[in-house]
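Asker: The structure is given below, and queries will be raised subsequently.
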Amino acid sequence: MKGEDQLQPSLVATINLEMFVAADHKLREVKRVTDAVLADCESEFRAMYSSIGRPSIAPEKQLRALVLMVLYSIPSERRLMEHIRYNMLFRWFVGLDADEAVWDASTFSKNRERLLEGEVARLFFEGVKSHARMRRLMSEDHFTVDGTLLEAWASHKSFKPKKDPPDPPEGGTGSNPEVDFKGESRTNQTHQSTTDPDARMARKGWGKEAKLSHAGHVLMENRNGLVVDTAVTTVEGNYEVDAALRMLEDNVGCGSTVGADKLYDQTKFVEGCRSRDIKPHVARKDKHSRIDGRTTRHEGYKTSQKIRKRVEEIFGWEKTVGGFYKLRYRGTRKVAWIFLLGAAAYNLVRMANITLQTT
């Protein structure tokens, strides 16, 4: 018997968003930890706002929305609001009822400075780490450090001389005029991006093209590959080693080991680790290595060399899933903020995977 094609919708409907989410959906475990972390941060959030006036969008909802943006590779906050408007799974995760209005994307722009000043990403990240430690998912003795280049949200055309920048060519088309810099010597010492002044021209290796970039750094624990700390720096000087030593100073205790690739096989890093009583399990260069047989003869060194490569999984996830292959924000401060939030989202997914594998 053919069913009726009823075009008139019901005037009244009762909707429970829980029915739209599968019982074994991985996002349930992510939401459980996220809600627990945000509940612990409630007093800090309340201190960021005035006690009088019109209530604003709760920062907890904004943070959940930003976590979704990272987890589902959503390219912009405007597109994120569009997804939340029609996606019941997203509404359930953020905490919006089915008939509740979605706020405008400009809310993120208006509240971003407040979230930056309150170091909300750091609060959230540290809360996720605390839950991982309570479940004994993080090593306290063995770590890995590495860095990568993050392509800035700026074009080559914005890379102009610091002194006496040339006038735009006449007869250009619109706001994106043609710029011919062929044969021109352009360096970070003489030129700077007008779009993102903190970005620097850098390349990933010999023969690769140079791009305006920021440097992202990660400190990983070796038990389950969770992120312990992140940093974003300007591509200047010995930025990889400087950032690595700062993260080790803040997070790694005496007697621990730290794995790294050949780039860190240099006096500054090796001696910096040993002065902090940290064992540098660094991959050896073919020539003039600072790592000798006193370190490489131990089985722990070989284990560190195997596990340290897992840090590339973090960079790969953040760039492909998290959307950091091409940055959406400008300036080191904002990039560091969202990069840290991306690391927190990675930890949430990793912890959910571990939980599902053990149950």
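Asker: Given only helices, namely DSSP H runs of n ≥ 4 each adding -39500 (n - 2.57), what is the per-residue ellipticity at 222 nm of the chain, to the nearest 500 deg cm²/dmol?
Answerer: Estimated from H runs of four or more residues: -13000 deg cm²/dmol.
Asker: If each Cα of region 286-345 is one equal point scatterer, what is log10 of I(q)/I(0) from the Debye formula at q = 0.16 Å⁻¹?
Answerer: -0.69
Asker: Continuing with this model, one more query. So what is the diffusion coefficient of region 211-359 in µm² per second by Stokes-Einstein at 10 °C and 1.306 mPa s, using a Kirkwood Rh over Cα pairs?
Answerer: This corresponds to a translational diffusion coefficient of 97 µm²/s.
Asker: Here's something else I'd like to know. Ranked highest first by the average count of other Cβ atoms within 10 Å around their residues, in what order do 229-242, 58-71 fall?
Answerer: 58-71, 229-242
Asker: Then there's this: Over all directions, how big on average is the projection of the convex hull of the alpha-carbon atoms in region 46-173, in square nanometres?
Answerer: Here the figure is 14.7 nm², rounded to one decimal.
Asker: With contacts defined as alpha carbon pairs under 8 Å and 6 or more residues apart, what's the relative contact order of region 257-340 in percent?
Answerer: 24
Asker: Between beta-carbons, use under 10 Å as the cut-off and find the net charge around R223, counting Lys and Arg +1, Asp and Glu -1.
Answerer: -2
Asker: Roughly speaking, what % of Cα-Cα pairs in region 181-257 are separated by over 19 Å, rounded to a whole number?
Answerer: 50
Asker: Once both labels are modelled 7 Å past Cα along the beta-carbon direction, what's the E119-R223 spacing in nm?
Answerer: Inter-label distance under the simple model: 2.5 nm.
Asker: Can you give the FRET efficiency to the nearest 0.05 for R28 and Q357, using r as the Cβ-Cβ distance and R₀ = 22 Å?
Answerer: 0.90
Asker: While we're here: By what distance, in whole Å, do the Cα atoms of the chain stretch along each of the three principal axes, largest value first?
Answerer: 79, 65, 56
Asker: Shifting gears a bit: At what distance in nm do the modelled label points of R246 and K309 sit from each other, each positioned 7 Å from its Cα along Cα→Cβ?
Answerer: In this crude spin-label approximation the distance works out to 3.1 nm.
Asker: Multiplying the sequence separation of A98 and S56 by 0.36 nm and subtracting their Cα-Cα distance, what value in nm do you get?
Answerer: 13.2 nm
Readers should treat all values here as calculations from the given coordinates under stated rules, not as data from a laboratory. As the structure is a prediction and not an experimental result, all values here were calculated from the model. Here the Cβ is made from the backbone with ideal geometry for all residues, glycine too, and neighbour counts use every protein chain on show.
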